[in-house]
Amino acid sequence: MNDEIFLNEQVEVVAVFKPGRTMCEPVKFRRKSGRVVEVTEIGLRHPVTHGKRMMHIFDVTDGGADYRLEFDAEHLTWRLTIEADKL
Amino acid sequence: MKLGYNTARPLVMHIDLNSCFATVEQQARPRLRGRPVAIVNRRTEHTMIVTCSYEAKAVGVKLGMRLKDAKKLCPELIGIESDPPKYKFVYHQLMRIMNDYSAYVRMKSIDEGVIDFSETTARIGERNLVDIGYEIKQRLWDEVGVAMNCNVGISTNRFLAKTAAGLNKPNGLDVITHHNLREVLAGLELTDITGIASRLEKRLNAVGIYTPLEFLDADEEILQKVVFKSVDGSYWHKRLRGWEVDKRDFSLKSAGRQFVMDGYRLPHADVLKRLHHLCEETGAKVRSKGMLARGVTVYARTYDYGGWHAKYMAPLPFFSNEAIYAHARRLFEGAPNGIKMIAVTCYGLQPVDIHSRQLQLFGDEIAREQAITSAVDEINERYGKRVIHSADTLGSDTYLKEKIPFGSTRYME
């Protein structure tokens, strides 16, 4: 079954906002442990709403593991919510 | 007089996302690309496969197989729990792209839609549809992602366009015209035709029709009076010849939801709690379309006795979760034990007419119910689905998650 680990970890993110497929591209992020993850590819960016509150979900990879980053457009915060390092 | 083939310019395009949910997952997680992936609705090995990637299909994994059985065929198969918001996003992206080409776009399900170019602008209409088909494929790669492939079929009617879209999977583009119609049908089996399953195949066989070409050449009267015993026979006669008979929009007549139990032989009280949750979701669906319901059906499939159902048509229309649940609970009293799956459906849907004479007779009562229901709906719309719900269904969201139904996409706008 799924290999994902569900998390709710606030992370520091360097992102580039530019026109294109995803409009916003997380480039790298620092985890609570201090480890920096360099994003090599953004798989998909899709919005989800919790009522009127908009979140942008980024499925990204660093080549060794897949991550899900959630950007809260209301509070301007980034959270790491899924990590999947096995296949 | 025998009806000839439709020789008009093909102006109907059918677009079908290949193994949609699996492909979207492979798009979202690049490390899944090129690997066998199965999408399931629950995080368990005993669950059925909803869809799978082409890599999994290549080794014999099929839809509807249990994940644990599929893993015997393909030990490296990766089971992924479905993630509806992702699929909805891709659905909307596909619809956005399709809407750029014609005023007439109809999504047939979450992963396929039809563009009718007879209702487009002159500038688009004069373009070659094959070029537009390749352009849509390119836009899907550019605007959604490189893993997203689709099949495109072009013909003179919806049926043949869909048939064309299924000829070369994955990522094909085919055109069926009166020139190649016989050649295409000669390469198919009867059950390859959309709408012909084993039951209809037997009925066709009974009159000596064993191939799609024989079906094409069959007499309209035989199809109408002997095989289909209805006007459907005439529709099939036209459909196979490329004439349009399926350009119809249907109004919403019913709404509901079903759920396969999360435990073996749950007691009635637990099933009832799940039924209550389904009633709340059904009520929200009905109201979101500005409708009222007249009837409720409760259906259950059991471990021992197959299917059971009960229905009730109310004298007055209703709309609140409480009213739907009250009717459903009364019906459920007659349900058998050992329920495996439960479903609730509201039928006889009609648009809200607050001036209706029947409703005015119960004016105050209905106005009060409507005010409370509207307030709850407004709060849920502002703060999130099911922020306010019945205390009885507290915690039920952990097992009754949102799922994507195949078929209608009416609730996805």
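No lab work stands behind these numbers, since they all come straight from the coordinates. In this text the structure is predicted, and so the values were computed from the model without any measurement. With ideal geometry, Cβ positions are generated from the backbone for all residues, glycine too; neighbour counts draw on all protein chains shown.
Would you mind ranking B:Ser19, B:Ser320 by Cβ crowding within 10 Å, fewest neighbours first?
Working: B:Ser19 23, B:Ser320 20.
Ascending Cβ contact count within 10 Å gives the list B:Ser320, B:Ser19.
So for the pair A:Arg31, B:Tyr264, with labels modelled 7 Å out along Cα→Cβ, what separation do we get in nm?
With each label point 7 Å from Cα toward Cβ, the separation is 3.8 nm.
Within a 10 angstrom radius of the beta carbon, how do B:Ile176, B:Ile136, B:Ile15 rank from fewest other beta carbons to most? Intermediate values should be presented prior to the final figure.
Working: B:Ile176 25, B:Ile136 21, B:Ile15 28.
Result, fewest neighbours first: B:Ile136, B:Ile176, B:Ile15.
Would you please give the FRET efficiency between B:Lys202 and B:Ala391, computed as 1/(1 + (r/R0)^6) with r the Cβ-Cβ distance and R0 = 51 Å, to the nearest 0.05? Walk me through the intermediate numbers first.
On the way: r = 52 Å, r/R0 = 1.02.
Efficiency, from the Cβ-Cβ distance: 0.45.
What is the average number of partner chain Cβ atoms found within 10 Å of a Cβ in A:48-60?
Numbers: counts 6, 4, 4, 8, 4, 3, 0, 1, 0, 5, 1, 9, 3.
Partner Cβ neighbours, averaged per residue: 4.
Ranked by Cβ crowding within 10 angstrom, fewest neighbours first, how are B:Lys169, A:Lys52 ordered?
Numbers: B:Lys169 14, A:Lys52 10.
Going from sparsest to densest Cβ surroundings: A:Lys52, B:Lys169.
When ranked by the protection proxy of mean other Cβ atoms within 10 Å per residue, highest first, what sequence do the peptides A:64-70, B:71-77 form? Each step should come with its number before you reach the end.
Details: A:64-70: 19.6, B:71-77: 14.9.
Most protected by this proxy first, the peptides run A:64-70, B:71-77.
Can you give the mean number of other chain Cβ atoms that lie within 10 Å of the Cβ atoms in peptide B:40-50? Could the numbers behind the result be given before it?
Working: counts 2, 0, 1, 3, 1, 1, 0, 1, 0, 0, 0.
Taking the mean over all residues of the peptide, I get 1.
Roughly how crowded by other chains is peptide B:76-88, in terms of the mean Cβ count from those chains within 10 Å of each of its Cβ atoms? Spell out each step's value before the answer.
Numbers: counts 1, 0, 6, 3, 5, 3, 0, 6, 1, 6, 6, 1, 3.
Mean number of neighbouring Cβ atoms from other chains: 3.
B:Glu378 to B:Leu3: extension gain in nm, 0.36 nm per residue of separation minus the Cα-Cα distance? Before the final figure, lay out the partial values.
Values: separation 375, 0.36 × 375 = 135.00 nm, distance 5.50 nm.
Contour length minus Cα-Cα distance gives 129.5 nm.
Karplus couplings for region B:88-94 from phi (6.51 cos²θ - 1.76 cosθ + 1.60, θ = phi - 60°), rounded to Hz, Gly and Pro as x?
So the Karplus estimates, Gly and Pro as x, are 5, 4, 5, 4, 5, 5, 4 Hz.
Applying a 10 Å radius around every beta-carbon, put B:47-58, B:373-384, A:35-46, A:9-20 in order of their mean neighbour count, most first. Don't jump to the answer; show the numbers that get you there.
Working: B:47-58: 20.8, B:373-384: 14.3, A:35-46: 17.9, A:9-20: 12.7.
With the highest mean Cβ count within 10 Å placed first, the list reads B:47-58, A:35-46, B:373-384, A:9-20.
If you plug each phi of region B:218-224 into the Karplus form 6.51 cos²θ - 1.76 cosθ + 1.60 with θ = phi - 60°, what whole-Hz ³J(HN,Hα) values come out, in order, with x for Gly and Pro?
Whole-Hz 3J(HN,Hα) from phi for region B:218-224: 5, 6, 4, 5, 5, 4, 6.
Quick check on packing: order B:85-95, B:302-312 by the mean number of other C-beta atoms within 10 Å, highest mean leading.
Values: B:85-95: 19.7, B:302-312: 12.9.
Order by mean packing, descending: B:85-95, B:302-312.
In degrees between 0 and 90, to the nearest 10, how far off the longest principal axis of chain B does helix B:268-288 point, with axes built from Cα atoms?
Between the helix axis and the principal axis of chain B, the angle is about 60 degrees.
Measure nothing but the geometry: give the 0 to 90° angle between the long axis through the Cα atoms of B:363-383 and the longest principal axis through the Cα atoms of chain B, rounded to 10°.
60
Treating the beta-carbon of each Lys and Arg as +1 and of each Asp and Glu as -1, no other charges, what is the dipole magnitude of chain B about its Cα centre, to the nearest 20 debye?
Magnitude of the dipole: close to 660 debye.
Expressed in whole Å with the largest first, what are the equivalent ellipsoid semi-axes of region B:95-163 derived from the C-alpha gyration tensor as the square root of 5 times each eigenvalue? Write out the running numbers ahead of the final one.
Values: eigenvalues 66, 43, 27 Å².
After diagonalising the Cα gyration tensor, the semi-axes are 18, 15, 12 Å.
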